[in-house]
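The values are calculated or read from the model by the stated rules, or taken from the named source; none is laboratory data. As the structure is a computational prediction, the values presented were derived from the model and not from experiment. Cβ atoms come from the backbone with ideal geometry, glycine included; neighbour counts cover every protein chain shown. SASA here: full protein model, heavy atoms, side chains in, ligands and nucleic acids out. Shrake-Rupley method; radii C 1.70, N 1.55, O 1.52, S 1.80 Å.
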Amino acid sequence: AERAREGLIASGELNRAGYAYYAELYYLLDCGPSLDSCVAEAAAGLTFAQRTGGEQTGQFLGSYRWLAGVLRGENSSAAGEGADTDTSIGNPLARFAARITHAIAAAILGDQVGLARHTAAAMPLLPFAAGTYPTALARLLRGLALAGHVDAEDGDGRATVLSELDEVTRWLAERAADAPANFLHLLRLLEAERAWAVGDFRAAELGFDAARREAAGGRRPWHEALITERAARFFLARGLDHRRLRAAGPGP
């Protein structure tokens, strides 16, 4: 993304160069060493957008700056408040970015209502972001929202929720088959959450262990943290105050 931006600036394609800031930012959110790198990149991108008249770029980057502020405790707004998710009426990709950043905040802060609301609004916008990495996060987060809603439904409603959950899980399974280092831990998390939701506690335990194992030592800090917290909530709900974590491989 950095090389693309440099080349686009050199060739005078300033509007496209602004989009490269957006691409770099959503990767930094996952893989950067700290949120500081995201904040710095968002600030640089917003300055670039102001200088070049890139209004749409500013809309993308503003959502990620808002998210970093919430996660660093600089913004006291609840996950469902703060940055407006509907100001970019003529820019569906910016609306998608706003919904995804709000959904990430909701997932990390344990706001199930906000997670359900923002992911439901994001799913119809997926075609505008086709081929980009945030579409995978959208499906992961939607899956988490659906798994948390299974108990609230019965009969046909429950079947509908599980069907949508299975659909986003299959999509992640296809991505994990091609790029396991990027997606397998997310797939295992959704599998564990579904098992928990339907009362298959043994499968859930194995799923959370597998998700933690796949995420361990990776380069996606908030993924690993979210998986660990979700696993902890599962074990606490099962009455396990302390759980011995074992390394993968043979042994007792």
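Taking Cα centre as origin and charging only the Cβ of basic (Lys, Arg, +1) and acidic (Asp, Glu, -1) residues, the dipole magnitude of the chain rounds to 520 debye. Across the chain, Cα pairs under 8 Å and at least six residues apart give a relative contact order of 11 percent.
Dividing the summed helix terms, -39500 (n - 2.57) for each DSSP H run of n ≥ 4, by the number of residues in the chain produces a 222 nm estimate of -23500 deg cm²/dmol to the nearest 500.
Please compute the Kirkwood hydrodynamic radius of region 136-246 from all pairs of different C-alpha atoms, in Å with one decimal.
Over region 136-246, the inverse of the mean reciprocal pair distance is 14.1 Å.
Ignoring the sites themselves, the chain has its longest run without trypsin sites (Lys or Arg not before Pro) in a DSSP loop having at most 10 other Cβ atoms within 10 Å at 1-243.
Tell me which label goes with the value of volume of the Cα convex hull per residue in Å³ computed from the coordinates here: (i) 190; (ii) 232; (iii) 142. It is the value labelled (iii). Converting the Cα gyration tensor eigenvalues of region 167-206 into ellipsoid dimensions via √(5λ) gives semi-axes, longest first, of 20, 10, 6 Å.
Computed over region 20-61, the quotient of the alpha carbon radius of gyration and 2.2 N^0.38 Å is 1.09. Note that the chain presents 50 Å² accessible area per residue, ligands and nucleic acids not counted, probe 1.4 Å.
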